[in-house]
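These notes are about the structure you will find just below.
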Amino acid sequence: MGSVQRAMRLLESVAEHEHGAPAKQLARETGLALPTAYHLLRTLVHEGYLRRDKGLFFLGEAAERLSSSGAEQKRRSTVVEALAHWRDLIGVPVYYAQYRNGEIEVLCVSESPGNPAVEEWADFRETGHAHAIGQCLLAQLDDEARRDHLDRYPVQSITPYTVRDGHSLLRRLERSARMEPVTERQEYALGTVCAAIPITLGNAAATMAISLPAHQADRLQAATQQLQAEIGRLMGTLAISISI
């Protein structure tokens, strides 16, 4: 444990020197005996956490990967916290999804015992035509990408309320304003209504969505508007973080 602590102190000291630092300086700053510092520095270089150039020590690729992973975790944490805040504030489960590499990907869901998420009883990727998340993402695609998706995942009726065929869905999507919320009522799951809000992420298609039991359908519009306002208020903070 003592060796690990000393090694971590050396890494922290090296990180403070953008232009590198010699072993003697690092030993002095960390309060280590020079032979101990040399031994640990050589080990850290061997493992890729440091690199040595002209007698100076710099952070290595392994340390930079740790830093990158930490930054990604922090971005994901920001999104998770935002969804949890909105879940509690509005009293609904909140979803975040993107269209990536030709697929609908639900990346984060925030639910609670009092506000459970919709059960994925039919694969979300294959039933994008039926749920608000999928319809919102498809509405943001160009015509070619939209038709490609529906060629791979043809429209199928999964409840009595699901859109009947691809042509009807395409007409609906074409009529939708590109950046307006999308709502669906029991098209994916009986007893559930949903709304999805498009998110601007450069050229990427993304959405935040909510769901409610059908007997609370009268709350859907107000809850959607509240979420839309909250997203607008925090969009500057989330702009980078939601690219998870």
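Here are a few things to note about the model shown:
- Within region 38-60, residues that are on the phi < 0 side of the Ramachandran plot and open to solvent by 100 Å² or more (accessible area, probe 1.4 Å) reach partners that are at pLDDT 90 or above and not in a strand (DSSP E or B) with beta carbons closer than 7 Å, at six or more positions or on different chains, in the pairs ARG51/VAL45; ARG52/VAL45.
- Against the list (1) buried (at least 19 other Cβ atoms within 10 Å of the Cβ); (2) more than 26 Å from GLY232 (Cα to Cα), the condition VAL118 fails is (2).
- Unique match (being in a helix (DSSP H, G or I) and in contact (Cβ under 8 Å) with a residue 12 or more places away in the chain) among ALA130, ALA139, ALA122: ALA139
- Test: residue in region 78-101 that is in a loop (DSSP other than H, G, I, E, B), at pLDDT 90 or above and crowded, with 18+ Cβ neighbours inside 10 Å: yes
- Close pairs (6 angstrom Cβ cut-off, 6 or more residues apart or separate chains): touching a residue at least 24 places away in the same chain (Cβ under 8 Å) in region 211-222, among the basic types (Lys, Arg) and surrounded by 12 or more Cβ atoms within 10 Å (Cβ to Cβ) anywhere: LEU212/ARG219
- Whether a residue is surrounded by 13 or more Cβ atoms within 10 Å (Cβ to Cβ) and touching a Leu at 6+ places or on another chain (Cβ under 6 Å) was assessed, and SER110 passes this test.
- Those residues of region 17-33 which are more than 13 Å from SER3 (Cα to Cα) and open to solvent by less than 60 Å² (accessible area, probe 1.4 Å), in sequence order: HIS17, GLY20, ALA21, PRO22, ALA23, GLN25, LEU26, ALA27
- Selection count, region 103-119, where residues are assigned to a loop (DSSP other than H, G, I, E, B) and under 13 Å from ALA209 (Cβ atoms): 3
The values are calculated or read from the model by the stated rules, or taken from the named source; none is laboratory data. Remember, it's a predicted structure, so these values are computed and weren't measured experimentally. Please note: Cβ atoms are built from the backbone with ideal geometry, for glycine as well, and neighbour counts cover all protein chains shown. Protein only, heavy atoms only, side chains kept; ligands, DNA and RNA dropped before computing areas. Shrake-Rupley method; radii C 1.70, N 1.55, O 1.52, S 1.80 Å.
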